[in-house]
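Each value in this text was obtained by applying a stated rule to the coordinates, not by laboratory testing. Remember, predicted model here, so these are calculated numbers, not experimental data. Positions of Cβ are generated from backbone atoms using ideal geometry, with glycine treated the same way; all protein chains shown enter the neighbour counts.
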Amino acid sequence: MYLRYTTRKKDGKVHRTWRLVRSVRIGRRVIQQTVTHLGELDEAGRLRARALARALIGEPEHADLFDDGTRDQTIGVRLKGVRVENGRLFGNVYLALALWRACRLDEFAAAHIAAGKEEVPWEKMAAVLVAARLCEPSSELHIAEDWYRRTALSDLLQLNDALVNKDRLYRALDELLPHKAALEAHLSKRVGELFAVDNEVLLYDVTSTYFEGEAGANAQARRGYSRDHRPDCKQVCIALVVTFDGFPLGYEVFPGNTHDATTVQQIVETMEARHGAVGKVWIMDRGMASADNVAWLRQTGRRYLLGTPKSALRKWAPALAEKGHWREIRDGIEVKLCAAPDGAQETFILCRSKDRLEKEKAMHERFSARIGQALTKLQARIAKSQKRLNRDAINRQIGRLLQRNQRAAARWLFPLAVCAGGLGRRGEVLFVALVRTPGDARRAPGLLALAVHYPAGVGGSGGDARALDGVSAALHGDTLPDSPGGGGHPGAGGTVFQTLAAMALRA
């Protein structure tokens, strides 16, 4: 950014007005955009304007690297003799170090990692790891052998390329790991101060990562449900908690055979002890909604929003059949509030998606068509058979067919009508397709139920009227119509349900 002025004469007097402008590249052209008009400035005003520009773009902390007092000198250059040597990436790593210092991670590392006889301070190695993760996420081996040498970090950190190797990077991670809880609390506080991050609404989920090999030295490496479709490999489960804006708040590592639902109580208590419990709203998918977890969350007075199992839709068959009291919160997505059928302090949000409905119908039709085609081929092959066939072998073939098309398997029934001669040249197999009735809510396509619990008095005064305020700052008294049975919560605006329904229906 820099200052530009425009001269104008009026009533015999010269007026000079100043602007703060910046250069922006658009395609192959570089244009100047006006950031702000500053009016007429004296010498003191121009100094203040330059200070404003420095505050906007950041004061260079290593100005001596670039300004040696010869900025205004001109030197003749023979262009044919100019070539580029040892080019380094500068801008992204400079920004990474600026964020590192803005988050005061250098102070944290200096305070928590004791200095020893190491040749390179662990604070610098941690800075290299963070900059690499921000600029070019990769392995420690790639950082040491390729990435670090292509950046200007050796000048910015005064750290020679030869001193950055994979072993030192791995040991830096080992030095940081014992301070994991303190580091998460420090980042949560500092980032909240810098960017006003709200950590009252927390989203929790579990993923997994697998190992190639036996992983004999890792006690947590076990075989379990593999989200990577690698049941042959050992894995660990990673439980991650993020804020509503997607900022990671904390994580824990569990053995690879851990069920998602068994981690809820430990994660909730750990995160609340680390970041505070007041006003927290927990959002989890249906994999966490076990009966024990729901009872524990309810008894301890915590606020939550959970995806319910598909089987729970049977309770809402009358409400789903009703045409009224549905509200469209987004194109193709409608929601309705219903009271808990057992009189509990829960409100259920019924969501239905037209796009999801059409998608699931198309999927069922495709799988049903596959089953029909395969059965037709099987029946023709049996009719042409010259040998006596085994009934059990036919049943096993049908079983494999259903396994490959599980989504539509429950809609088919396969009675085998066998003539007196058995399955053979004159035998016949009769396949009867039975489709579930539309009223069967257990497999209702495009439908989802979310359980919401906001105990009165939790997180401040106002009770249920303020219950959903922690979910979104966009609530301004907009209220969804209550279902015939009551149970609606004032203050539950469409923006909240639009976001929650979109998250819940994405799976």
Within the under-11-Å Cβ sphere about Glu175, not counting Glu175, Lys/Arg +1 and Asp/Glu -1 give a net charge of -1
Through the Karplus equation 6.51 cos²θ - 1.76 cosθ + 1.60, θ set to phi - 60°, convert the phi angles of the stretch 322-329 into ³J(HN,Hα) values in whole Hz; use x for Gly and Pro. 5, 8, x, 6, 8, 10, 8, 9
HN-Hα J couplings of the stretch 306-313 from phi, Karplus 6.51/-1.76/1.60, θ = phi - 60°, integer Hz, Gly and Pro as x? 10, x, 8, x, 4, 5, 5, 5
Excluding Glu214 itself, what net charge comes from residues whose Cβ is under 15 Å from its Cβ, given Lys and Arg +1 and Asp and Glu -1? +2
Taking the dipole of the stretch 317-374 about the Cα centre (Lys, Arg +1; Asp, Glu -1; charges at Cβ), the one of Phe367, Leu350, Ala317 that reaches farthest to the positive side is Phe367
Cα-centre dipole for the stretch 233-389 with unit charges at Cβ (Lys and Arg positive, Asp and Glu negative), debye to 20: 1260
Tell me the label-point distance for the pair Phe247, His142, using the 7 Å Cα-to-Cβ offset, in nm and rounded to one decimal. 2.8
HN-Hα J couplings of the stretch 166-182 from phi, Karplus 6.51/-1.76/1.60, θ = phi - 60°, integer Hz, Gly and Pro as x? 5, 5, 5, 5, 5, 5, 5, 5, 5, 6, 7, 4, x, 9, 4, 4, 5
Between Leu163 and Ala102, how many nm apart are label points set 7 Å from Cα along the C-beta direction? 2.7
Near the amide H of Gly250, under 5 Å away, which other amide H atoms are found, from residues 5 or more places off or on another chain, if H is placed in the peptide plane? Val241
Sequence-distant residues sharing a close amide H with Thr209 (under 5 Å, placed H): Val236, Ile238
At R0 = 30 Å, how high is the FRET efficiency between Gln406 and Arg274 if r is their beta carbon distance? Nearest 0.05 is fine. 0.15
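Can you give the net charge of the other residues whose Cβ lies under 13 Å from the Cβ of Arg302, counting K and R as +1 and D and E as -1? Provide the component values of the computation, followed by the final result.
Values: positive: Lys280, Arg298, Arg303; negative: Glu200, Glu269, Glu272, Glu346.
Residues near Arg302 contribute -1 overall.
What ranking do 308-316, 123-131 get when scored by the average of other Cβ atoms within 10 Å per residue, highest first? Working shown, then result.
Details: 308-316: 16.2, 123-131: 22.0.
Ranked from most to least packed, the peptides come out as 123-131, 308-316.
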Please report the spacing between the Cα centers of the stretch 119-181 and the stretch 256-316 in Å, no decimals. 38
Taking a straight Cα-to-Cα line shorter than 24 Å from Lys166, and setting aside same-chain lysines fewer than 8 residues away, one finds Lys117, Lys124, Lys180
R0 = 35 Å: FRET efficiency of Met363 with Leu134, Cβ-based, nearest 0.05? 0.30
Spin-label point model (7 Å from Cα, Cβ direction): what's the Arg391 to Asp228 distance in nm? 4.7
